[in-house]
Each structure stands twice: as C-alpha cells, then as structure tokens.
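Below: one structure, written as structure tokens.
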Amino acid sequence: MKKCSIPGCNRKYHGRGFCQKHYVEQKSEWPICSIEGCGRKRKGYGLCQLHYRHLKETGSPHLDKTPKRTIYVDPRGYASEGTSHAMTYTHRLIVEKALKKPLRTDAPVHHFDNNKTNNVNTNLIACDSKSYHVLLHTRTKSFRATGNPKLRQCYICKNWKDPEHFYTRKNGGHIAACKPCLRTRAKGHFEPTKRI
C-alpha cells in the first residue's frame with residue numbers, strides 16, 4: 001500500500017504523493033490562476049482550466065459578464081443585432097426604444113424610404129398589421145410612378161388606373177387585373193401572363 005511522501009507520516013496515499021491531511025495543506029501552496037480573484041489551480045499559461053479554455057476559444061482569458069453583442073446583415077439586407085442566442089432586427093429595436101415598449105411580434109416595421117439599411121427612427125413606421133404594411137408599399141409604389149398614391153397597376157396591361165376600374169374582393173382588397181383586361185381574357189383574346 002502506498003504511503004504519504006512526507007517523512008514520518010504513515011497515512012494512506014490520497015493524491016499527488018500525499019495523504020488526505022497533507023494533500024489539503026499542500027493544495028493551498030499550489031500555484032493559482034493569474035487572473036485576479038480566480039483562486040483556481042493553474043493548468044497552463046498561468047491560467048486555470050476555465051480561463052485557459054476561454055483564451056483558446058476567444059483569444060482573451062477574461063470572462064465577460066455580458067455576452068458579446070454582434071451586428072449581422074441577413075441576405076435580404078436587414079441588420080440584426082444581439083448575442084449568438086438571441087438576434088433582433090435593428091429597426092425593431094429602434095422603434096421599441098422610441099415607443100418605450102416592446103412591439104407585438106406580428107407588428108411589422110416599415111422603412112419610409114424603402115432603404116432597409118436606413119434605420120434612423122424618423123424613417124421607421126410601426127404598422128399595426130401586415131395588411132397595413134402592404135398598403136404602405138402599394139401606395140408608395142403608386143406615388144413614385146404616377147404622383148397619385150390611390151392608383152393601382154394592372155398586372156396584365158401594366159397601366160395605372162383608379163381603383164374603381166378593379167373588382168373588389170370580399171375582404172376589401174382589389175383583384176390585381178383591371179376589369180377591361182379580365183373581360184378580354186374571359187373572351188380568350190390573349191394568353192394568360194404571369195403575375196409580377
């Protein structure tokens with residue numbers, strides 16, 4: 001049976017050549033981590049196992065109390081920010097900060113100038129529904145093309161016309177083709193076209 005390496009001690013071996021009593025005494029004298037306030041036993045580069053692993057993973061042995069925030073631009077062009085566990089669109093964060101309350105998850109945010117990277121709070125509009133957001137895009141497109149936000153474009157003839165030239169759906173929306181084009185198509189005078 002192995003014995004303690006301290007001369008005159010005949011107790012049973014516990015670890016690192018010492019018995020339980022001397023192991024605890026020697027443990028307090030072992031080199032500790034060089035990070036202030038850590039107190040763990042040194043492993044490599046003067047660091048404990050925790051700080052050494054953090055050094056290998058991040059390049060810094062210091063543990064951050066708050067997770068590192070990053071900014072990411074998705075393939076559609078929207079900027080997001082947050083930690084690796086929770087990303088939020090930047091434009092939503094700006095609107096929430098201006099309103100001083102969180103947005104509903106189903107409430108879209110509209111960029112007034114249609115520039116997804118322009119996240120100035122004067123360029124952002126909080127919409128109460130997706131249908132209102134779509135209406136803003138439709139009216140903006142109409143205004144830029146004709147100067148009149150109320151006009152609609154027929155997807156068949158590509159002309160901009162007053163909404164009275166379109167059939168209305170039961171839900172209040174308009175059918176994308178004007179009445180004359182639908183009548184002509186019903187008579188079979190031209191081939192169907194793909195909707196743009």
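The values are calculated or read from the model by the stated rules, or taken from the named source; none is laboratory data. Note that this is a predicted model, so its numbers are computed, not measured. Cβ placement follows ideal geometry from the backbone for every residue including glycine, while neighbour counts extend to all protein chains displayed.
General observations
- Search result, residues across segment 174-194 that are within 15 Å of N159 (Cβ to Cβ) and at pLDDT below 65: F190, T193
- Only one of the numbered conditions (1) assigned to a loop (DSSP other than H, G, I, E, B); (2) among the basic types (K, R); (3) modelled with pLDDT of 85 or more is violated by K68, and that is (3).
- A single member of E57, E81 is assigned to a strand (DSSP E or B) and over 30 Å from H174 (Cα atoms), and it is E81.
- Residue check for T105: at pLDDT 80 or above, within 30 Å of I125 (Cβ to Cβ), exposed (fewer than 11 other Cβ atoms within 10 Å of the Cβ) and β-branched (V, I, T): yes
- Qualifying residue in segment 121-142 (condition: of a type in the set (K, R) and outside any helix (DSSP H, G or I)): no
- Criterion applied to N171, N115 was being within 34 Å of the chain's Cα centre (by Cα), assigned by TED's automatic domain parsing to the domain that holds G77 and either at pLDDT below 90 or assigned to a loop (DSSP other than H, G, I, E, B) (or both), and the one residue passing it is N115.
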